[in-house]
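The values are calculated or read from the model by the stated rules, or taken from the named source; none is laboratory data. Here the structure is a predicted model, which means the values were calculated and not measured. Backbone-built Cβ (ideal geometry, glycine too); neighbour counts: all protein chains shown.
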Amino acid sequence: MSDFPDVRLSDTSHQTYFLGLAFSSDGNHLYASMGSITDPTGAKAGNTGNGVAVYKFENGKVNPERFLKIAPQKIAAGKKVAFGVSKTAAGTAIPYPAGLAVISGKGSDRLLVANNLSDNVVLLDSGDGRVLRQFRPEQARNDSVVVSLYCRCHRRRTPRLVQSVELLSGG
């Protein structure tokens, strides 16, 4: 393994790696969560916004391949967004992806992503970034595959378990 300085993450960048780092089920890709508060949608040139960076992993080296954007997320009724991070439309929050879990099956991986600032979880297609499902952990109680994600909440500054997230076995 060698050092890989990603040009998207320089000292003047408007995004950063966060907590999520996972290898694909075949070991050929590396997924890394990236968050941005200052340009949450990646509107400015050179900015990614929030999402998952996908790297090709071959012979111990990583090379950028694509970026799976995660749009601002609808927040739960009654929830409010902190003033310092309220940079999206009313009723939405910056996702700021944190923990990642890879779910293999049906010929391709899916990514389960815990969004730190919007307090929700999304299931992404790892190939094209389509959101296959989004939910709050407390809403997922009747499905069959259970995956636990960990994330760090800056508001509390302590690690916490993002409640068990249950997915449709066929989804």
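Listed values, structure above:
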quantity	calculated
Tally, over region 49-70, of residues that are touching a Ser or Thr at 6+ places or on another chain (Cβ under 7 Å) and assigned to a loop (DSSP other than H, G, I, E, B)	3
Enumeration of residues in region 17-39 that are assigned to a loop (DSSP other than H, G, I, E, B) and not hydrophobic (A, V, I, L, M, F, W, C)	Ser24, Ser25, Asp26, Gly27, Asn28, Ser36, Thr38, Asp39
Single unsatisfied condition, Gly84 versus (1) of a type outside the set (D, E, K, R); (2) at pLDDT below 85; (3) assigned to a loop (DSSP other than H, G, I, E, B)	(3)
Candidate set: region 87-102, residues that are assigned to a strand (DSSP E or B) and over 12 Å from the mean Cα position of the chain (by Cα); chosen: the one surrounded by the most Cβ atoms within 10 Å (Cβ to Cβ)	Ala93
Hits in region 103-122 - residues which are over 15 Å from Leu19 (Cα atoms) and under 9 Å from the mean Cα position of the chain (by Cα)	Val122
Region 102-115, residues that are more than 13 Å from Lys74 (Cα to Cα) and out of contact with any helix residue (DSSP H, G or I) (no Cβ under 9 Å at 6 or more places or on another chain)	Val102, Ile103, Ser104, Gly105, Lys106, Gly107, Ser108, Asp109, Arg110, Leu111, Leu112, Val113
Residue satisfying all of: in region 71-81; part of a loop (DSSP other than H, G, I, E, B) and within 17 Å of the chain's Cα centre (by Cα); farthest from Ala43 (Cα to Cα) among these	Ile75
